[in-house]
Amino acid sequence: MPKEQITPMMAQYLKTKEEYPDSILFYRLGDFYEMFFDDAIKASRELEITLTGKDCGLAERAPMCGIPYHSASVYIAKLIAKGYKVAICEQVEDPKTAKGIVKREVIRIVTPGTVIDDELLDERTNNYLAVIYAKNGIYGFAVSDISTGEVYTTEVSGADEALSETARYEPKEILTNSEAAKKLLKQIELRFHIEADECTDEFFENTSFEEKIMTQFGKGSLVELGLDTKPCAVKAVGAMVSYLEHTQKTSLTYLNTLNTYNANQYMELDVNTRRNLEITESMRDKIKKGSLLWVLDRTKTSMGARLLKQWVEKPLINPIEINKRLCAVGELNDDMMLRDEIAEVLSGTYDISRIISRVSLGTVTPRDLIALKATLLHLPELEYALSRVKFPMLCDLRKNFDLLEDVKELLERAISDDAPALLRDGKVIKEGFNEEIDKLRTAMRDGKKWLADIEAEEREKTGISKLKVGYNKVFGYYIEVTKSNIKEVPDYYIRRQTLANCERYITPKLKELENEILGASEKIASLEAYVFEDVRKRVNEQTERLKRAAEIIAVTDVLLSLAETAAKNNFTMPEISDSGKIEIKDGRHPVVEKMAKDSMFVPNDTLLNKDEDRMLIITGPNMAGKSTYMRQVALITLMAQIGSFVPASSAKIGIVDKIFTRVGASDDISSGQSTFMLEMNEVSHILKNATANSLIILDEIGRGTSTFDGLSIAWSVVEYIHNKKKIGAKTLFATHYHELTDLEGELDGVKNYRIAVKKRGDDITFLRKIVRGGADDSYGIEVAALAGVPKEVINGAKHILKKIENDEIVIEHTSKTVEPTAQMGFGDGIASEITDELKMMDVTTFTPIEAMNKLFELSKKAKEI
Ligand code: ADP
Ligand code: MG
């Protein structure tokens, strides 16, 4: 583009844009943010706004679109939701006084992981940015939510664990180095539906990282930060701080606590397990309703809601810590009065975590400060309520309870109770706080009266009864005297204007008043801004104390929520141990029970230990309740380790280090892999990562292939997991391969269970009760009848089954429980099937992964011949 021709403004635009190639540049022009060229084309499409053009000095007009600055946040939200970044370029000098083109600067880049505006955030979930740095298979993590000031860091080994760790946070934005990108990028896209940004290696090879980190988190060494043995985490944290500085263009002083943890401090839950157990969202609709969190969440505040989600995402494995939580929940559970009292206090509080961040970032509004004050006003009641508790966790909260009287008092004095949402709307600073502002306000209010007073005073002094005080734009306030009275004018009157029949004068006193009246409104605006900024700074100095108050509110709220849930749903306190034993009496599935309120949920017992009851083989017809039962065991264990009561009449939970589930071959088709391949991927992940302290749920694995393959795989998997030298994990294994029940007696830790059904004639009734022993029948035909399959087909099926059982029909190599999806043909049949398939195939339409899968499938089939 020939630069000589373009207009100076466009030259400025292009220069700025050059620095922010991967963001959409919002370029401030008067009351609008304008976008040009490709940005304009993209934005007009995504935001559904009109694309116009602007003369920029070139032959062709520049594509342009714009949005009014005061409604920018709505548009930014839309772009962020679609994964774009928005660089906001403001006029940084007053256009009135600017010489030449107004100076402009990018003041902030809004990215999905660094959003701070309330309108762009979900109040009940954190908004995380994650940086992942990998070197030689070690993954360093840095995760931050700048809207609340939280920062976490850890290191894990291997891509599997890295994905599990990512799943704890469900970040909105992920930055990686090249090694992490190579291993994780595709999985991240698949699992979290976001595109991770691969950053250059130089971005991470910064020698000043250590210094930067120590400054940011106010510590003198990496040891104090727990980072001395985590070189990859150092890279990640350093890169994160750099990125935040780059996007926020300001130092984030309130981001001063680094939470360094070891991944094995928490229960490990891989991505699939989180999804399968529907921990924070339902599998089908991806919404909170229908998830464990939905059952548990009765929090009253956004801070509590976010913290509860964190607890759910990070179940504990230290029995002491778990018991601390449980005791606190128990105490609140026992005392309904106390619960109600705390609930009432909490419902009067606001999201002060995010307000504190905005105080620090300088984007706090008058309304925010009113909300902060309102929250602080409730602290004494909260302290009073907490003064009656006995158990350590709640007591710890009460200890050194800081009522923040000084901050409250400052806010009470400084900010008007009915201050508007925005500072620029005025009337923010309360009367009596700043003398100057009060005087100016009085000037505004009393101006008219003063003028009337002056008029009266001057009339009396001069004896000119027709003397008038008036105003015009050029001369301001003046005293007008008709020509006939000029003789009476005293000498301290200064003449300003002569008209046909009168003269206009000023006096020093009048000018003084004029200054006060006319300057007042402008002065008030700037003075209010100044005083507000001063108040903000003073509040900002108390960030640490305020954060502590926020934490007390959040923790109390979470404990209260768990207690409330326990009371409402009839949960009991689990007994935590490290015995490795799980013993549940009358366990229920918390979500299924709550979803189907009207129907009775049938409770079931569970016994699992490290010895003779470590592998339960569960059989029973489809729809009997196998999956529900196994998930219920996993969820009860998980809930207990969160510190929640559990749906059971009693439960002893030996702590588990990891939970794995492989449930159903449901909706993975969307991921572009064949379900069988995916199933085996997951099984292999489980076999590699499970330990003797893990809990494994396997739901009908082997389904996705031929019966014999499936059975052999299932069998071998059972043997492998059962083997204490290999894994020896506690396992629940639902299967339709009745052959597996032969393992009881052969392997010392295997026990058979079945979900009972009652058969009367052709009818079956699901009893939903788990009982010892293997199922004798799969009742497939009865279930089909129950599902409404036409009588004729049912009768046909019975007839065929009878013939098979009497060996009138011989099915080679297949067992009785043939899966509808399994391949029935063998030998020649398969060969011709493969040929047919090859003939039908249009290879040119395949993606590489589809081709791989197809090949895999065909080769599998060929091997069966
Ligand atoms: P399976 O895995 O054996 O095919 P599911 O676990 O999917 O069976 O259960 C089928 C349905 O039965 C569930 O959707 C649930 O509504 C119901 N169900 C399962 N277990 C129970 C129970 N213990 N009490 C009441 N209803 C149950
Ligand atoms: Mg099932």
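Values computed for the structure shown
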item	result
Rounded D (µm²/s) - region 422-470, Kirkwood Rh over Cα pairs, Stokes-Einstein at 25 °C, 0.890 mPa s	189 µm²/s
Rounded Å value of the spacing that divides the Cα centres of region 370-408 and region 267-303	30 Å
Sorted by Cβ density within 10 Å, fewest first, the residues VAL237, VAL474, VAL359	VAL474, VAL359, VAL237
Cα shape, region 282-425, gyration tensor, a/c 1.5 rule	oblate
Whole-number percent relative contact order across region 174-260, with pairs defined as alpha carbons under 8 Å at least 6 apart	26 percent
Residues with amide H under 5 Å from that of GLU575, placed H, sequence gap 5 or more	ALA651, LYS652, ILE653
Partners for LYS509 among lysines (Cα-Cα distance below 26 Å; same-chain residues under 8 apart left out)	LYS439, LYS448, LYS449, LYS461, LYS466, LYS468, LYS473, LYS483, LYS487, LYS523
Translational D in µm²/s for region 112-261 (Stokes-Einstein at 25 °C, 0.890 mPa s, Kirkwood Rh from C-alpha pairs)	162 µm²/s
MRE, 222 nm, helices only [DSSP H, n ≥ 4, -39500 (n - 2.57), over the chain, to nearest 500]	-14000 deg cm²/dmol
Residue among MET337, VAL359, LEU308 farthest towards the positive dipole end of region 226-365, charges placed on Cβ	VAL359
Straight-distance crosslink candidates among aspartates and glutamates, where the alpha carbon sits under 15 Å from LYS286 and sequence neighbours closer than 8 are dropped	GLU170, GLU278, ASP667, ASP668
Region 526-604: trypsin sites (Lys or Arg not before Pro) falling in loop per DSSP and having at most 15 other Cβ within 10 Å	LYS597
Distance from region 629-663 to region 466-539 (C-alpha centre basis), Å	78 Å
Compactness of the chain - radius of gyration and Dmax, Cα, Å	36.0, 137
Debye equation applied to the C-alpha atoms of region 458-555, log10 I(q)/I(0) at 0.18, 0.22, 0.24 Å⁻¹	-0.87, -1.07, -1.18
Average Cα contact separation per residue, region 262-418, under 8 Å, 6 or more apart, as relative contact order %	19 percent
Cα shape, region 579-658, gyration tensor, a/c 1.5 rule	oblate
Prolate/oblate/rounded call for region 598-643, Cα gyration tensor, a/c under 1.5 rounded	oblate
Under 28 Å from the Cα of LYS15 - lysines, other chains or at least 8 residues apart	LYS3, LYS42, LYS54, LYS78, LYS82, LYS85, LYS96, LYS99, LYS103, LYS249
Whole-angstrom gap from region 206-261 to region 572-617, using each part's C-alpha centre	43 Å
Hydrodynamic radius by Kirkwood, which averages 1/r over all alpha carbon pairs of region 477-635, in angstrom	25.0 Å
Mean separation of Cα contacts under 8 Å (6+ apart) over length of the chain, as relative contact order %	9 percent
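Coordinate-derived values only; no laboratory data. All figures in this text were calculated on a predicted structure; none of them were measured in a lab. All Cβ positions, glycine included, derive from the backbone under ideal geometry; neighbour counts span all protein chains shown.
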